[in-house]
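The values are calculated or read from the model by the stated rules, or taken from the named source; none is laboratory data. Values in this document were obtained by computation on a predicted structure and should not be read as measured data. When we count neighbours, we look across all protein chains shown, and the Cβ atoms used for this are built from the backbone with ideal geometry, even at glycine.
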């Protein structure tokens, strides 16, 4: 299963057929911010960013943190 935040976000996106551009539109974030988080280049993203992503993907913060599957 996915270990990192970035992998869990990508997995949830793939499962729902959502692109990075879609996620950017859904969250109001820039595509570059989404790309940095999804590609693992942002090692410690802001809580608000992760909260927006979780909400857009319909997953919990615990899932993205690797606490729940």
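Taking the stated definitions as given, is residue 18 at pLDDT below 95 and either touching a strand residue (DSSP E or B) at 6+ places or on another chain (Cβ under 7 Å) or in a loop (DSSP other than H, G, I, E, B) (or both)? So residue 18 does not fit the description; no.
One residue alone among 36, 63 is in a helix (DSSP H, G or I), surrounded by 15 or more Cβ atoms within 10 Å (Cβ to Cβ) and either touching a strand residue (DSSP E or B) at 6+ places or on another chain (Cβ under 8 Å) or without any contact (Cβ under 8 Å) to a residue 12 or more places away in the chain (or both), and that residue is 36. Residue 42 meets all of the listed conditions (1) within 11 Å of the chain's Cα centre (by Cα); (2) buried (at least 16 other Cβ atoms within 10 Å of the Cβ) but one, namely (1). Pairing residues of the stretch 41-52 that are without any contact (Cβ under 8 Å) to a residue 24 or more places away in the chain with residues that are not in a helix (DSSP H, G or I), at Cβ distances under 8 Å and at least 6 apart in sequence or on separate chains, gives 49/29. Screening 7, 3 for residues that are surrounded by fewer than 17 Cβ atoms within 10 Å (Cβ to Cβ) and not in a loop (DSSP other than H, G, I, E, B) leaves exactly one candidate, 7. Is one or more of the residues making up the stretch 39-51 more than 22 Å from residue 67 (Cα to Cα) and out of contact with any strand residue (DSSP E or B) (no Cβ under 7 Å at 6 or more places or on another chain)? Among the residues of the stretch 39-51, not one is more than 22 Å from residue 67 (Cα to Cα) and out of contact with any strand residue (DSSP E or B) (no Cβ under 7 Å at 6 or more places or on another chain), which makes the answer no.
What number of residues within the stretch 45-60 satisfy the criterion of being surrounded by 13 or more Cβ atoms within 10 Å (Cβ to Cβ) and part of a helix (DSSP H, G or I)?
9
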